[in-house]
Amino acid sequence: MSKDVKGIAASDGIGIAPAYLLVDPDLSYDKNKKSTDTDAEYARVKKAFDDSIAELKQIKENAKGRLGDDELEVFDAHMTILSDPEMLGQIKDKIANDHATAEAAVDEVTTNFADMLAAMKDNKYMQERAADVKDVAKRAMSHLMGKTLPNIAGIDKPVVIVAHEITPSDTSQMDAKFVKGIVTDLGGRTSHAAIMSRTLRIPAVVGAEDITKQAKMDQTIIADGLHGDIIVDPSEDQVNEYKQKAADFEKERAEWAQLVDAPSVSKDGKHFEIAANIGTPDDVADAVKQGADGVGLFRSEFLYMGSDHLPTEDEQFEAYKKAVVGMKGKPVVVRTLDIGGDKPLTYMPLPKEMNPFLGYRAIRISLHDPEKIFKPQLRALLRASEFGPISIMFPMIGTLAELRAAKKVYNECVEELQKDHPGIGKNVKIGMMIEVPLAAINADKMAEEVDFFSIGTNDLIQYNFAADRGNDSVSYLYQPLNPAFLGLIKHVIYAAHRHNTKAAMCGEMAGDELALPLLMGMGLDEYSMSASSILRTRNMMKDLDTKQCADLVEKALKLDTVEEVQDLVKKTLNLK
């Protein structure tokens, strides 16, 4: 009898194939055993780590051509962990002081590192890096014990991989010709494995809690990466139903591909912009491939997070220039440094705070030390603006005073650079994120000061509902379609337009198919989203009439609950 398991949709598509349980070899060891020759024992550790690094280099080489530069950098990160002097020093001390065996020392020290990262409940990014440390430790232990890890690269028949957790090195070895889907107990949409699955176009459902207990080797699995559903041992009727759904989806995707060069326009001829959210200049290629009208959010913090030092003005200039040139004349919106909360920098420790999401982060950090952080970034952006259209937006603005302070620093940079570059900055547009409730309430005043707004719904929802977006216990409060919240969004858009200010959105809500008709009805100008959602959204947009969408908004705002709004939109659009 079939079993239905719910998880998180992490990569679009539907995969149907026999289960391949990703089972690791037994890496248990005698925990009571002591080492007698500590030097020899540490030499075993060094050899195991060196062999692991060599193996990772080979895996990375084999993955070239299937993965992009960003994904390949994961292996560099793993090699860095294996070369970490702090970790190796602790392992060496464990062996020398406690006479621990190589296995015990590696296991205990790496477990402590992983547990420390996993314990950062208010920092999802660092929590997910715990998986990287575990992956590295498992590889080192296998070399220490002379055991072979599963050879995913050797899979030569269609399978759905079932695992407790998928590591980046696991995903990199997968051949999409044979791996038809991935389902896991753990994981989230922002994990490295989920990102790689989307790059490889392998349907994935993660965070299913106990799928490894529900499935057996070679049992048929349906992985619905569109809705987050897993069916174990489906009936023949269910298999046929999902084969049809998979065929329908692929047909849809082929139809969407015809819209790559098409304008983003509604049924009644109103033009909008559908842009891409990117993290690095290398993401521009996919944005162009998916037909983006521009980059609506370049998360500049990833330049900082991917470095072991504060990026210099020249280093940043090269990155921004690459993105601008790559977009071939289409606009690029760069958000200034947005660290803090769930995005720390190892080389720039931040004070420990009770509520880091409400604390010292984003524009607050930039304004605290403009000479060290803010001005080099602004100068780099201004210099890059000579190669194509750049817009600069400030994150986490709460008050007019903050906005004016940020603009003052920007104007100082323009003045400084114009001495040697007359006219620099004349085409740069200045905007701000609307993610702090006070800024949304005060949108009329704010709109007088900037060229554009970009509504960051992820944080705006979090702050309005007083619900940590990374906390599963309060995830029910993530309600972008709540009528009161929709009223706030409408207020922001209308305030922008009253002052000839452009209204954009770069949060997850911008790519939500139920939110799209409501946002179009409110007159939102730009929708910025993951590149993979652009063509689907453009396809949906062309069938929507903005006047009917405006009527839909008025009906939605009179409702009481998010469920009522969802039902209204589904009924109006004939969605299931």
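The alpha carbon centroids of the stretch 81-109 and the stretch 234-253 are separated by 51 Å.
For the stretch 1-47, chymotrypsin sites (Phe, Trp or Tyr not before Pro) meeting the loop criterion (DSSP other than H, G, I, E, B) and having at most 16 other Cβ atoms within 10 Å: Y29.
May I ask for the net charge around V265, where only other residues with Cβ less than 14 Å from the Cβ of V265 are counted and Lys, Arg are +1 while Asp, Glu are -1? Write out the running numbers ahead of the final one.
Working: positive: K267, K270, R538, K542; negative: D261, D268, E273, D293, D525, E526, D543, D545.
That works out to -4.
The ranking of M141, M432 from fewest to most other beta carbons within 10 Å of each one's beta carbon is M141, M432.
Computed from Cα atoms, the angle from the helix 38-63 axis to the main principal axis of the chain rounds to 50 degrees.
Tell me which trypsin sites (Lys or Arg not before Pro) from the stretch 394-468 have a DSSP coil assignment and no more than 14 other beta carbons within 10 Å of their own.
Working: sites: R404, K407, K408, K419, K426, K429, K445; in loops: K419, K426.
Passing both the DSSP loop test and the Cβ count: K419, K426.
Restriction of the trypsin sites (Lys or Arg not before Pro) in the stretch 322-375 to DSSP coil positions whose beta-carbon has at most 11 other beta-carbons within 10 angstrom yields K328, K352. Dividing the summed -39500 (n - 2.57) terms of all DSSP H runs of n ≥ 4 by the residue count of the chain sets its mean residue ellipticity at 222 nm at -14500 deg cm²/dmol.
Can you give the relative contact order of the stretch 270-573 as a percent, counting alpha carbon pairs under 8 Å and 6+ residues apart? Reported relative contact order: 18 percent.
Taking the longest Cα principal axis of the chain as reference, the axis of helix 102-118 is set at about 20 degrees.
For each pair in K147/K180; K180/K289; K328/K490; K251/K321; K60/K245, compute the distance between the two Cα atoms and list the pairs where it is over 29 Å. Pairs exceeding 29 Å: K328/K490; K251/K321; K60/K245.
To the nearest ten degrees, helix 483-498 and the longest principal axis of the Cα atoms of the chain are 50 degrees apart.
Quick one: which of 93-99, 201-207 comes out on top by average Cβ neighbours within 10 Å, and what's the full order, highest first? Before the final figure, lay out the partial values.
Numbers: 93-99: 16.6, 201-207: 25.6.
Going from most to least packed, we get 201-207, 93-99.
What does the charge count around E165 come to, taking other residues whose C-beta lies under 10 Å from its C-beta (Lys +1, Arg +1, Asp -1, Glu -1)? With Lys, Arg at +1 and Asp, Glu at -1, the neighbours total -2. Counting every C-alpha pair in the chain, the share spaced more than 47 angstrom apart comes to 16%. With neighbour counts taken as other beta-carbon atoms within 10 Å, the residues S52, S83, S35 rank, fewest first, as S83, S35, S52. Taking other Cβ atoms within 10 Å as a rough exposure proxy, H497, H227 sort from fewest to most as H227, H497. Exposed loop sites, defined as GluC sites (Glu not before Pro) outside DSSP H, G, I, E and B with at most 14 other Cβ atoms within 10 Å, are absent from the longest region of the chain, namely 1-208.
Each Cα pair under 8 Å and six or more residues apart adds its separation to the average, and for the chain the resulting relative contact order is 14 percent.
Only the coordinates and a few stated rules stand behind these numbers; no lab work does. Computed from a predicted structure; not experimentally measured. Ideal geometry is used to build each Cβ from the backbone, glycine not excepted, and the neighbour counts take in all protein chains shown.
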